[in-house]
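Encoded as C-alpha coordinates, the structure appears first; notes follow it.
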Amino acid sequence: MPDTPFGFGLPGGAAPDPNDPAQMQQFLGQLQQLFSSSGGGPVNWDLARQVAQATLTGGGPIASGLGLSPAVEAEAAEPPPGDPRVTEAEYQAVTDALRLADLWLEPASALPSGIQNVQAWSRGEWITRTLPVWRKLCDPVAGRMVGAMGDLVPEEMRGQLGPMQSMVATLGGALFGGQLGQALGSLAAEVLSAGDIGLPLGPAGTAALMPANISAYGEGLELDADEVRLYVALREAAHQRLFGHVPWLRGHVLTAVETYAAGIRVNREAIEEAMGRLDPGNPESMQELSVEGIFTPDDTPQQKAALARLETALALVEGWVCHVVDSAAGDRLPDVVRLAEAFRRRRAAGGPAEQTFAALVGLELRPRRLREAAALWSALTEHRGIAGRDALWGHPDLLPSEEDFANPEGFARSQLDLGDIDSFDFGSLESGEGGGEPGTGGPGSEEDKGGEAGSGPQLQS
(Lines give C-alpha, C1' and ligand atoms only; values in the text may rest on other atoms or scores of the structure.)
Protein backbone atom coordinates (compact mmCIF):
# COMPACT_ATOMS: atom_id res chain seq x y z
CA MET A 1 0.00 0.00 0.00
CA PRO A 2 1.34 3.51 -0.75
CA ASP A 3 3.05 5.36 2.09
CA THR A 4 0.49 8.16 1.92
CA PRO A 5 -2.91 6.57 2.44
CA PHE A 6 -4.68 9.59 0.97
CA GLY A 7 -2.53 11.73 -1.32
CA PHE A 8 -3.68 14.88 -3.04
CA GLY A 9 -1.33 15.55 -5.90
CA LEU A 10 -0.79 16.34 -9.53
CA PRO A 11 -1.03 13.64 -12.22
CA GLY A 12 1.92 11.31 -11.84
CA GLY A 13 2.02 11.53 -8.04
CA ALA A 14 3.89 14.83 -7.55
CA ALA A 15 2.78 17.23 -4.84
CA PRO A 16 2.11 20.81 -6.03
CA ASP A 17 4.81 23.40 -5.43
CA PRO A 18 3.29 26.23 -3.33
CA ASN A 19 5.71 28.65 -5.04
CA ASP A 20 4.58 27.67 -8.54
CA PRO A 21 1.39 29.61 -9.44
CA ALA A 22 0.59 27.34 -12.39
CA GLN A 23 0.81 24.18 -10.30
CA MET A 24 -1.23 25.71 -7.49
CA GLN A 25 -3.90 26.86 -9.93
CA GLN A 26 -4.11 23.35 -11.39
CA PHE A 27 -4.19 21.81 -7.93
CA LEU A 28 -6.92 24.12 -6.62
CA GLY A 29 -8.99 23.56 -9.75
CA GLN A 30 -8.77 19.83 -9.28
CA LEU A 31 -9.60 20.20 -5.60
CA GLN A 32 -12.70 22.20 -6.54
CA GLN A 33 -13.69 19.42 -8.93
CA LEU A 34 -13.22 16.94 -6.09
CA PHE A 35 -15.63 18.81 -3.84
CA SER A 36 -18.21 19.11 -6.62
CA SER A 37 -18.19 15.39 -7.46
CA SER A 38 -19.02 13.73 -4.16
CA GLY A 39 -21.48 11.38 -5.87
CA GLY A 40 -24.01 11.56 -3.01
CA GLY A 41 -23.99 9.59 0.22
CA PRO A 42 -21.37 9.64 2.95
CA VAL A 43 -18.59 8.24 0.72
CA ASN A 44 -17.26 9.78 -2.46
CA TRP A 45 -17.46 6.55 -4.47
CA ASP A 46 -16.35 8.22 -7.69
CA LEU A 47 -13.16 9.09 -5.90
CA ALA A 48 -12.90 5.61 -4.37
CA ARG A 49 -13.04 4.04 -7.81
CA GLN A 50 -10.48 6.47 -9.24
CA VAL A 51 -8.03 5.96 -6.38
CA ALA A 52 -8.49 2.18 -6.44
CA GLN A 53 -7.53 2.13 -10.10
CA ALA A 54 -4.65 4.54 -9.47
CA THR A 55 -3.37 2.23 -6.72
CA LEU A 56 -3.05 -0.49 -9.35
CA THR A 57 -1.55 1.60 -12.12
CA GLY A 58 0.49 4.16 -10.19
CA GLY A 59 -1.54 7.22 -11.12
CA GLY A 60 -1.76 8.84 -14.51
CA PRO A 61 -4.92 9.70 -16.42
CA ILE A 62 -7.18 7.47 -14.34
CA ALA A 63 -6.42 9.38 -11.16
CA SER A 64 -6.02 12.81 -12.72
CA GLY A 65 -9.71 13.14 -13.48
CA LEU A 66 -10.21 14.07 -9.82
CA GLY A 67 -6.72 15.35 -9.25
CA LEU A 68 -5.72 12.55 -6.92
CA SER A 69 -2.95 10.04 -7.17
CA PRO A 70 -0.78 8.22 -4.67
CA ALA A 71 1.92 10.76 -3.83
CA VAL A 72 4.99 9.02 -2.43
CA GLU A 73 8.73 9.42 -2.61
CA ALA A 74 9.96 7.75 -5.79
CA GLU A 75 12.73 5.85 -4.04
CA ALA A 76 10.39 4.67 -1.25
CA ALA A 77 7.48 3.59 -3.43
CA GLU A 78 6.99 -0.01 -4.44
CA PRO A 79 6.14 -0.55 -8.10
CA PRO A 80 2.36 -0.70 -8.60
CA PRO A 81 0.94 -4.17 -9.29
CA GLY A 82 -0.51 -3.05 -12.61
CA ASP A 83 -3.78 -3.95 -14.28
CA PRO A 84 -3.00 -6.27 -17.21
CA ARG A 85 -5.88 -6.99 -19.57
CA VAL A 86 -7.23 -10.51 -19.82
CA THR A 87 -6.04 -12.27 -22.96
CA GLU A 88 -8.18 -14.55 -25.10
CA ALA A 89 -6.12 -17.55 -24.00
CA GLU A 90 -6.64 -16.68 -20.32
CA TYR A 91 -10.38 -16.28 -20.84
CA GLN A 92 -10.59 -19.68 -22.52
CA ALA A 93 -8.56 -21.29 -19.72
CA VAL A 94 -10.92 -19.79 -17.12
CA THR A 95 -13.98 -20.99 -19.03
CA ASP A 96 -12.62 -24.53 -19.33
CA ALA A 97 -11.62 -24.63 -15.65
CA LEU A 98 -15.04 -23.49 -14.41
CA ARG A 99 -16.89 -25.95 -16.65
CA LEU A 100 -14.74 -28.84 -15.47
CA ALA A 101 -15.06 -27.72 -11.85
CA ASP A 102 -18.85 -27.67 -12.09
CA LEU A 103 -18.80 -31.24 -13.44
CA TRP A 104 -16.59 -32.44 -10.60
CA LEU A 105 -18.88 -30.86 -8.01
CA GLU A 106 -22.01 -32.68 -9.22
CA PRO A 107 -21.52 -35.84 -7.11
CA ALA A 108 -20.14 -33.86 -4.15
CA SER A 109 -23.11 -31.54 -3.60
CA ALA A 110 -26.88 -31.84 -3.60
CA LEU A 111 -27.11 -28.20 -4.68
CA PRO A 112 -27.23 -27.77 -8.47
CA SER A 113 -24.92 -25.55 -10.47
CA GLY A 114 -25.32 -21.85 -9.75
CA ILE A 115 -23.24 -20.59 -12.67
CA GLN A 116 -25.24 -18.59 -15.19
CA ASN A 117 -22.30 -16.98 -16.96
CA VAL A 118 -18.51 -17.23 -16.82
CA GLN A 119 -16.12 -14.28 -16.80
CA ALA A 120 -12.40 -13.61 -16.46
CA TRP A 121 -11.79 -10.30 -14.72
CA SER A 122 -8.86 -7.96 -14.72
CA ARG A 123 -8.06 -6.25 -11.43
CA GLY A 124 -9.81 -3.10 -12.57
CA GLU A 125 -12.92 -5.06 -13.53
CA TRP A 126 -13.04 -6.59 -10.05
CA ILE A 127 -13.16 -3.08 -8.60
CA THR A 128 -15.97 -2.00 -10.92
CA ARG A 129 -18.07 -5.16 -10.55
CA THR A 130 -17.86 -5.39 -6.76
CA LEU A 131 -18.23 -1.69 -5.90
CA PRO A 132 -22.06 -1.85 -5.42
CA VAL A 133 -21.72 -4.38 -2.59
CA TRP A 134 -18.85 -2.49 -0.97
CA ARG A 135 -21.03 0.60 -1.04
CA LYS A 136 -23.80 -1.24 0.81
CA LEU A 137 -21.35 -2.48 3.45
CA CYS A 138 -19.29 0.66 4.00
CA ASP A 139 -21.78 3.52 3.76
CA PRO A 140 -23.13 3.05 7.33
CA VAL A 141 -19.63 3.17 8.85
CA ALA A 142 -18.62 6.15 6.73
CA GLY A 143 -21.82 7.96 7.62
CA ARG A 144 -20.91 7.85 11.29
CA MET A 145 -17.42 9.19 10.56
CA VAL A 146 -18.77 12.09 8.51
CA GLY A 147 -21.32 12.82 11.23
CA ALA A 148 -18.60 12.79 13.87
CA MET A 149 -16.54 15.27 11.83
CA GLY A 150 -19.54 17.60 11.72
CA ASP A 151 -20.02 17.25 15.47
CA LEU A 152 -16.53 18.66 16.02
CA VAL A 153 -17.91 22.08 15.09
CA PRO A 154 -19.45 23.73 18.19
CA GLU A 155 -23.22 23.90 17.93
CA GLU A 156 -23.30 27.68 18.38
CA MET A 157 -21.01 28.08 15.35
CA ARG A 158 -22.82 25.78 12.93
CA GLY A 159 -25.34 28.42 11.89
CA GLN A 160 -22.55 30.86 11.10
CA LEU A 161 -20.74 28.42 8.82
CA GLY A 162 -23.54 28.20 6.28
CA PRO A 163 -22.32 26.38 3.12
CA MET A 164 -19.00 25.65 4.84
CA GLN A 165 -20.79 23.09 7.03
CA SER A 166 -21.51 20.94 3.98
CA MET A 167 -17.84 21.14 3.03
CA VAL A 168 -16.99 19.30 6.25
CA ALA A 169 -19.18 16.40 5.14
CA THR A 170 -17.70 16.55 1.64
CA LEU A 171 -14.17 16.45 3.03
CA GLY A 172 -15.10 13.47 5.19
CA GLY A 173 -16.58 11.64 2.22
CA ALA A 174 -13.49 12.38 0.16
CA LEU A 175 -11.16 11.31 2.95
CA PHE A 176 -12.96 8.02 3.46
CA GLY A 177 -13.44 7.45 -0.27
CA GLY A 178 -9.77 8.00 -1.01
CA GLN A 179 -8.57 5.62 1.67
CA LEU A 180 -11.22 3.02 0.90
CA GLY A 181 -10.22 3.25 -2.74
CA GLN A 182 -6.62 2.44 -1.89
CA ALA A 183 -7.73 -0.48 0.30
CA LEU A 184 -9.88 -1.84 -2.54
CA GLY A 185 -7.04 -1.35 -5.00
CA SER A 186 -4.80 -3.42 -2.75
CA LEU A 187 -7.47 -6.11 -2.44
CA ALA A 188 -7.88 -6.16 -6.22
CA ALA A 189 -4.23 -7.16 -6.53
CA GLU A 190 -4.72 -10.18 -4.22
CA VAL A 191 -8.20 -11.72 -4.64
CA LEU A 192 -8.45 -14.74 -6.92
CA SER A 193 -12.16 -14.84 -7.77
CA ALA A 194 -15.50 -13.12 -7.24
CA GLY A 195 -16.26 -15.14 -4.09
CA ASP A 196 -12.72 -15.38 -2.78
CA ILE A 197 -13.24 -13.57 0.53
CA GLY A 198 -16.49 -15.37 1.34
CA LEU A 199 -18.90 -12.55 0.52
CA PRO A 200 -21.18 -12.46 -2.54
CA LEU A 201 -19.46 -9.43 -4.02
CA GLY A 202 -20.17 -9.99 -7.71
CA PRO A 203 -23.40 -10.10 -9.72
CA ALA A 204 -25.64 -13.06 -8.90
CA GLY A 205 -24.91 -16.11 -11.03
CA THR A 206 -21.59 -14.77 -12.35
CA ALA A 207 -18.58 -17.00 -11.76
CA ALA A 208 -15.41 -14.97 -12.27
CA LEU A 209 -11.73 -15.78 -11.91
CA MET A 210 -8.81 -13.34 -12.00
CA PRO A 211 -6.03 -14.82 -14.17
CA ALA A 212 -3.28 -12.34 -13.23
CA ASN A 213 -3.70 -12.90 -9.49
CA ILE A 214 -4.07 -16.67 -9.82
CA SER A 215 -0.84 -16.80 -11.81
CA ALA A 216 1.03 -14.74 -9.20
CA TYR A 217 -0.36 -16.81 -6.33
CA GLY A 218 0.52 -20.08 -8.07
CA GLU A 219 4.12 -18.95 -8.56
CA GLY A 220 4.41 -18.42 -4.82
CA LEU A 221 3.14 -21.96 -4.16
CA GLU A 222 5.46 -23.46 -6.78
CA LEU A 223 2.64 -25.66 -8.07
CA ASP A 224 1.36 -26.39 -11.56
CA ALA A 225 -0.50 -23.34 -12.88
CA ASP A 226 -3.36 -25.39 -14.38
CA GLU A 227 -3.87 -27.21 -11.09
CA VAL A 228 -4.00 -23.98 -9.09
CA ARG A 229 -6.47 -22.46 -11.57
CA LEU A 230 -8.70 -25.53 -11.39
CA TYR A 231 -8.68 -25.50 -7.59
CA VAL A 232 -9.69 -21.81 -7.57
CA ALA A 233 -12.41 -22.65 -10.11
CA LEU A 234 -13.72 -25.41 -7.83
CA ARG A 235 -13.98 -22.95 -4.95
CA GLU A 236 -15.72 -20.34 -7.10
CA ALA A 237 -18.18 -22.88 -8.52
CA ALA A 238 -18.94 -24.12 -5.00
CA HIS A 239 -19.63 -20.55 -3.85
CA GLN A 240 -22.00 -20.08 -6.79
CA ARG A 241 -23.92 -23.26 -5.90
CA LEU A 242 -24.33 -22.12 -2.33
CA PHE A 243 -25.32 -18.51 -2.90
CA GLY A 244 -27.29 -19.34 -6.05
CA HIS A 245 -29.57 -21.96 -4.49
CA VAL A 246 -29.87 -20.88 -0.87
CA PRO A 247 -32.11 -17.83 -1.37
CA TRP A 248 -31.77 -16.44 2.15
CA LEU A 249 -27.97 -16.81 2.42
CA ARG A 250 -26.86 -13.69 0.54
CA GLY A 251 -29.00 -11.43 2.70
CA HIS A 252 -28.05 -13.36 5.85
CA VAL A 253 -24.30 -12.90 5.34
CA LEU A 254 -24.52 -9.27 4.25
CA THR A 255 -26.88 -8.47 7.14
CA ALA A 256 -24.39 -10.04 9.55
CA VAL A 257 -21.71 -7.71 8.19
CA GLU A 258 -24.02 -4.69 8.39
CA THR A 259 -25.10 -5.52 11.96
CA TYR A 260 -21.50 -5.77 13.06
CA ALA A 261 -20.65 -2.54 11.23
CA ALA A 262 -23.50 -0.79 13.05
CA GLY A 263 -21.65 -1.34 16.33
CA ILE A 264 -18.39 0.19 15.17
CA ARG A 265 -17.87 3.50 16.92
CA VAL A 266 -15.94 6.50 15.71
CA ASN A 267 -12.93 7.67 17.70
CA ARG A 268 -13.50 11.41 17.82
CA GLU A 269 -10.07 12.05 19.32
CA ALA A 270 -8.46 10.40 16.30
CA ILE A 271 -10.52 12.62 13.99
CA GLU A 272 -9.57 15.74 15.95
CA GLU A 273 -5.91 14.77 15.75
CA ALA A 274 -6.12 14.14 12.00
CA MET A 275 -7.97 17.38 11.29
CA GLY A 276 -5.55 19.28 13.53
CA ARG A 277 -2.73 18.36 11.15
CA LEU A 278 -4.59 19.85 8.17
CA ASP A 279 -3.14 23.20 7.05
CA PRO A 280 -5.27 24.82 4.29
CA GLY A 281 -2.23 26.85 3.23
CA ASN A 282 -0.06 23.78 2.83
CA PRO A 283 -1.33 21.22 0.29
CA GLU A 284 1.28 18.72 1.43
CA SER A 285 -0.47 18.50 4.83
CA MET A 286 -3.39 16.80 3.09
CA GLN A 287 -1.10 13.88 2.32
CA GLU A 288 -0.87 13.15 6.05
CA LEU A 289 -4.62 12.68 6.53
CA SER A 290 -5.56 9.14 7.47
CA VAL A 291 -8.70 7.45 8.80
CA GLU A 292 -6.72 4.47 10.07
CA GLY A 293 -7.47 3.93 13.75
CA ILE A 294 -10.62 6.04 13.69
CA PHE A 295 -12.95 3.02 13.76
CA THR A 296 -13.04 0.61 16.71
CA PRO A 297 -15.66 -2.02 17.60
CA ASP A 298 -17.72 -1.31 20.71
CA ASP A 299 -16.77 -3.60 23.59
CA THR A 300 -20.38 -4.47 24.43
CA PRO A 301 -22.23 -7.79 24.70
CA GLN A 302 -24.33 -6.81 21.67
CA GLN A 303 -21.27 -6.11 19.54
CA LYS A 304 -19.56 -9.30 20.67
CA ALA A 305 -22.68 -11.25 19.71
CA ALA A 306 -22.77 -9.51 16.32
CA LEU A 307 -19.12 -10.40 15.74
CA ALA A 308 -19.79 -14.03 16.71
CA ARG A 309 -22.71 -14.20 14.23
CA LEU A 310 -20.57 -12.73 11.47
CA GLU A 311 -17.63 -15.06 12.11
CA THR A 312 -19.95 -18.07 12.36
CA ALA A 313 -21.67 -17.20 9.07
CA LEU A 314 -18.33 -16.75 7.28
CA ALA A 315 -16.93 -19.94 8.81
CA LEU A 316 -19.98 -22.02 7.81
CA VAL A 317 -19.80 -20.81 4.21
CA GLU A 318 -16.04 -21.26 3.96
CA GLY A 319 -16.09 -24.59 5.80
CA TRP A 320 -18.72 -25.99 3.43
CA VAL A 321 -16.78 -24.78 0.39
CA CYS A 322 -13.54 -26.33 1.68
CA HIS A 323 -15.18 -29.66 2.48
CA VAL A 324 -17.08 -29.94 -0.80
CA VAL A 325 -14.10 -28.87 -2.92
CA ASP A 326 -11.73 -31.28 -1.19
CA SER A 327 -14.27 -34.09 -1.66
CA ALA A 328 -14.62 -33.31 -5.36
CA ALA A 329 -10.88 -32.93 -6.00
CA GLY A 330 -9.56 -35.55 -3.59
CA ASP A 331 -8.74 -38.27 -6.11
CA ARG A 332 -8.31 -36.00 -9.13
CA LEU A 333 -5.76 -33.29 -8.28
CA PRO A 334 -2.28 -34.60 -7.35
CA ASP A 335 -1.49 -31.66 -5.05
CA VAL A 336 -4.93 -31.25 -3.48
CA VAL A 337 -3.59 -31.63 0.08
CA ARG A 338 -1.03 -28.85 -0.37
CA LEU A 339 -3.58 -26.64 -2.09
CA ALA A 340 -6.21 -27.20 0.59
CA GLU A 341 -3.79 -26.36 3.40
CA ALA A 342 -2.48 -23.27 1.59
CA PHE A 343 -5.99 -21.93 1.03
CA ARG A 344 -7.08 -22.64 4.59
CA ARG A 345 -4.13 -20.69 5.95
CA ARG A 346 -4.71 -17.90 3.47
CA ARG A 347 -8.37 -17.51 4.41
CA ALA A 348 -7.88 -17.89 8.15
CA ALA A 349 -5.01 -15.39 8.41
CA GLY A 350 -5.97 -12.90 5.71
CA GLY A 351 -3.50 -11.21 3.41
CA PRO A 352 -1.94 -7.76 3.79
CA ALA A 353 -4.79 -6.13 1.88
CA GLU A 354 -7.45 -7.70 4.11
CA GLN A 355 -5.55 -6.50 7.17
CA THR A 356 -5.38 -3.00 5.70
CA PHE A 357 -9.11 -3.06 5.01
CA ALA A 358 -9.79 -4.14 8.60
CA ALA A 359 -7.59 -1.33 9.95
CA LEU A 360 -9.37 1.29 7.82
CA VAL A 361 -13.00 0.23 8.16
CA GLY A 362 -12.94 -1.83 11.34
CA LEU A 363 -14.32 -4.92 9.57
CA GLU A 364 -12.46 -8.22 9.78
CA LEU A 365 -13.89 -10.59 7.17
CA ARG A 366 -12.10 -13.76 8.23
CA PRO A 367 -13.61 -17.11 9.22
CA ARG A 368 -11.64 -17.65 12.43
CA ARG A 369 -13.06 -21.12 13.05
CA LEU A 370 -12.61 -22.46 9.56
CA ARG A 371 -11.11 -25.82 10.49
CA GLU A 372 -13.86 -26.55 13.04
CA ALA A 373 -16.53 -25.64 10.48
CA ALA A 374 -14.99 -27.91 7.83
CA ALA A 375 -14.86 -30.77 10.37
CA LEU A 376 -18.52 -30.19 11.19
CA TRP A 377 -19.59 -30.44 7.54
CA SER A 378 -17.46 -33.57 7.19
CA ALA A 379 -19.21 -35.16 10.19
CA LEU A 380 -22.62 -34.26 8.78
CA THR A 381 -21.70 -35.88 5.47
CA GLU A 382 -20.67 -39.05 7.26
CA HIS A 383 -23.82 -39.26 9.39
CA ARG A 384 -26.45 -37.79 7.04
CA GLY A 385 -25.05 -38.14 3.56
CA ILE A 386 -24.67 -35.39 0.99
CA ALA A 387 -28.39 -34.63 0.66
CA GLY A 388 -28.94 -34.57 4.42
CA ARG A 389 -25.92 -32.33 4.92
CA ASP A 390 -26.96 -29.80 2.29
CA ALA A 391 -30.57 -29.82 3.51
CA LEU A 392 -29.38 -27.84 6.54
CA TRP A 393 -29.10 -24.84 4.22
CA GLY A 394 -32.88 -24.93 3.90
CA HIS A 395 -33.31 -22.49 6.78
CA PRO A 396 -30.90 -20.47 8.95
CA ASP A 397 -32.37 -21.99 12.12
CA LEU A 398 -31.16 -25.42 11.01
CA LEU A 399 -27.52 -24.39 10.81
CA PRO A 400 -25.08 -25.15 13.62
CA SER A 401 -24.18 -22.41 16.07
CA GLU A 402 -20.75 -21.39 17.25
CA GLU A 403 -21.10 -23.72 20.25
CA ASP A 404 -21.65 -26.70 17.93
CA PHE A 405 -18.16 -26.24 16.45
CA ALA A 406 -16.70 -27.78 19.60
CA ASN A 407 -18.51 -31.11 19.06
CA PRO A 408 -19.05 -31.82 15.35
CA GLU A 409 -19.86 -35.50 15.89
CA GLY A 410 -22.41 -34.73 18.58
CA PHE A 411 -24.15 -32.14 16.42
CA ALA A 412 -24.22 -34.45 13.41
CA ARG A 413 -25.78 -37.30 15.43
CA SER A 414 -28.40 -35.03 16.99
CA GLN A 415 -29.91 -33.78 13.75
CA LEU A 416 -33.13 -34.89 12.15
CA ASP A 417 -32.65 -37.27 9.24
CA LEU A 418 -33.38 -34.52 6.74
CA GLY A 419 -32.75 -36.81 3.82
CA ASP A 420 -36.05 -38.63 4.56
CA ILE A 421 -38.08 -35.64 5.66
CA ASP A 422 -39.88 -35.28 2.31
CA SER A 423 -41.42 -38.74 2.72
CA PHE A 424 -42.64 -38.16 6.27
CA ASP A 425 -46.45 -38.23 6.55
CA PHE A 426 -47.19 -35.05 8.45
CA GLY A 427 -50.91 -35.71 8.01
CA SER A 428 -50.61 -38.61 10.43
CA LEU A 429 -49.84 -36.14 13.19
CA GLU A 430 -53.33 -34.66 12.87
CA SER A 431 -55.16 -37.96 12.32
CA GLY A 432 -53.34 -39.75 15.13
CA GLU A 433 -52.15 -42.46 12.74
CA GLY A 434 -48.54 -43.37 12.76
CA GLY A 435 -48.36 -47.09 13.32
CA GLY A 436 -45.75 -46.77 16.06
CA GLU A 437 -45.44 -47.97 19.59
CA PRO A 438 -46.64 -45.94 22.58
CA GLY A 439 -44.58 -42.79 22.92
CA THR A 440 -43.48 -42.83 19.28
CA GLY A 441 -46.51 -41.34 17.57
CA GLY A 442 -48.55 -44.56 17.14
CA PRO A 443 -52.24 -45.04 18.01
CA GLY A 444 -53.02 -45.41 21.69
CA SER A 445 -50.07 -43.30 22.83
CA GLU A 446 -51.03 -40.96 25.63
CA GLU A 447 -48.06 -38.80 24.73
CA ASP A 448 -49.30 -38.44 21.17
CA LYS A 449 -52.82 -37.54 22.29
CA GLY A 450 -51.42 -34.77 24.42
CA GLY A 451 -49.28 -33.44 21.59
CA GLU A 452 -46.12 -33.88 23.63
CA ALA A 453 -42.90 -35.73 22.89
CA GLY A 454 -43.07 -38.29 20.15
CA SER A 455 -45.42 -36.31 17.91
CA GLY A 456 -42.92 -35.49 15.19
CA PRO A 457 -39.89 -36.78 13.31
CA GLN A 458 -37.55 -38.50 15.73
CA LEU A 459 -33.93 -37.67 16.33
CA GLN A 460 -31.66 -40.36 15.03
CA SER A 461 -28.16 -41.12 16.16
Query raised in the report: Do the conditions hold for Gly58, that is, is it at pLDDT 55 or above and more than 19 Å from Gly185 (Cα to Cα)?
Result: no
Requested in this report: Write out, first by first residue and then by second, each pair whose Cβ atoms fall under 6 Å of each other, whose residues are 6+ apart or on separate chains, and whose first residue, in region 214-232, is of a type in the set (A, V, I, L, M, F, W, C) while the second is at pLDDT below 95.
Outcome: Leu221/Ala342; Leu223/Asp335; Ala225/Gly218; Val228/Gly218
**Report entry** Unmet requirement for Ala208, which otherwise passes all of (1) in a helix (DSSP H, G or I); (2) hydrophobic (A, V, I, L, M, F, W, C); (3) buried (at least 21 other Cβ atoms within 10 Å of the Cβ)
**Finding:** (1)
Query raised in the report: Looking only at residues in region 308-334 that are farther than 17 Å from Leu242 by Cβ and touching an Asp or Glu at 6+ places or on another chain (Cβ under 6 Å), which one is surrounded by the fewest Cβ atoms within 10 Å (Cβ to Cβ)?
Result: Ala308
Query - Tally of residues being part of a strand (DSSP E or B) and surrounded by 20 or more Cβ atoms within 10 Å (Cβ to Cβ) across region 83-125 - result: 2
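The values are calculated or read from the model by the stated rules, or taken from the named source; none is laboratory data. The shown structure was predicted, so the numbers you read here are calculated from the model rather than taken from an experiment. Methodologically, a virtual Cβ is constructed for each residue, glycine included, from the backbone with ideal geometry; neighbour enumeration extends over all protein chains shown.
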